[in-house]
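If you scroll down you'll find the structure; I have some questions about it.
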Amino acid sequence: MGKRFDQYCPIAHALSLVGERWALLIVRELMKGPRRYTDLSTGLPGIGTNILAARLRELEAGGLVQRRKLPPPAASTVYELTGYGLELEEVMHALARWGARTLGLPRRKDDLEPDWGLNAFPALFYPERARGMTETYAVDIDEDRFVVRLDDGRLRVELGTVEDADFHLATDMGTMFALASGDLPTQAALDEGRVRIDGDPETLARFFRIFSFAPRLATAPDDAAPPAPARAIAVA
């Protein structure tokens, strides 16, 4: 385990498990599925091999990560999150929404992994607002293509496009997150030509009620303003 704190507090205990540098980024990578040591090293540029090995040992000791030997012909060892580790998904999404408020837009195209939306849409997802809904959206953000599906309120995001989508929207990264943050009303985005749709404008408004930076806590005011406009989500 990592650094311990001399206090009885669940936050302090959580930080003793995942508060060391790189620990949560390793969890971020494992949220995508089992990874070999070399996969983790590639997905975390800048991490030293000694630090990666130490963090994996600490996460294993804390019951968040486990090793598994793949059957032949792969026959390699992978790291994966345990059930306890997978429960960090909610924490990671909340942290991503919070951090994105002041991150700013990516400066270069290669700042984003090609599959960035596979993490971004779940982080923006507001489940209570999608309860019971079944719809398929084709979403084009600059050159990136995603299929966002709701099945009785459950979310699935895929790379690519789909012909029989219930709704198709195309926009750029800045407009996407201005809409998700509430800085830009959907009708204004349509009027200004910043978003193109194939479908009902009300569906566009509904989409950005469901995929939103809005606070999830019942005690938080709906109009709680971030310190700076939301522009991009740093989960890639």
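The values are calculated or read from the model by the stated rules, or taken from the named source; none is laboratory data. Model, not experiment: these values are computed from the prediction. Counting neighbours? That spans all protein chains shown, and the Cβs are built from the backbone with ideal geometry, glycine included.
Report yes if some residue within the range 134-144 is surrounded by fewer than 12 Cβ atoms within 10 Å (Cβ to Cβ) and not acidic (Asp, Glu); otherwise report no.
no
Of all the helices (runs of 4 or more DSSP H) wholly in the range 1-89, which have at least 1 residues that are more than 30 Å from ASP111 (Cα to Cα) and either more than 21 Å from the chain's Cα centre (by Cα) or not assigned by TED's automatic domain parsing to the domain that holds ALA123 (or both)?
Qualifying helices (runs of 4 or more DSSP H): 10-18, 49-61, 83-86.
Also, I was wondering about something else. Would a scan of the range 148-160 turn up a residue that is under 25 Å from ALA100 (Cα atoms), surrounded by 15 or more Cβ atoms within 10 Å (Cβ to Cβ), of a type in the set (A, V, I, L, M, F, W, C) and over 19 Å from the mean Cα position of the chain (by Cα)?
no
Here is a list: ALA74, ALA61, ALA96. Which entry is in contact (Cβ under 8 Å) with a residue 24 or more places away in the chain and more than 28 Å from LEU124 (Cα to Cα)?
Criteria check complete, one pass: ALA61.
So, one more: Which members of the range 53-91 meet the condition of being in contact with a Leu (Cβ under 7 Å, 6 or more places away or on another chain) and either surrounded by fewer than 18 Cβ atoms within 10 Å (Cβ to Cβ) or more than 22 Å from PRO34 (Cα to Cα) (or both)?
SER76, GLU80, THR82, TYR84
Check ALA189 against each of (1) part of a helix (DSSP H, G or I); (2) under 25 Å from GLU90 (Cβ atoms); (3) among the hydrophobic types (A, V, I, L, M, F, W, C) and name the one condition it does not meet.
The failed condition is (2).
Somewhere in the range 94-112, is a residue modelled with pLDDT of 95 or more and closer than 29 Å to ASP198 by Cα?
no
Something else about it: Quickly run through the range 174-197 and pick out the residues that are in contact (Cβ under 8 Å) with a residue 60 or more places away in the chain and either closer than 21 Å to ALA138 by Cβ or of a type outside the set (S, T, N, Q) (or both).
Those that are in contact (Cβ under 8 Å) with a residue 60 or more places away in the chain and either closer than 21 Å to ALA138 by Cβ or of a type outside the set (S, T, N, Q) (or both): GLY174, PHE177.
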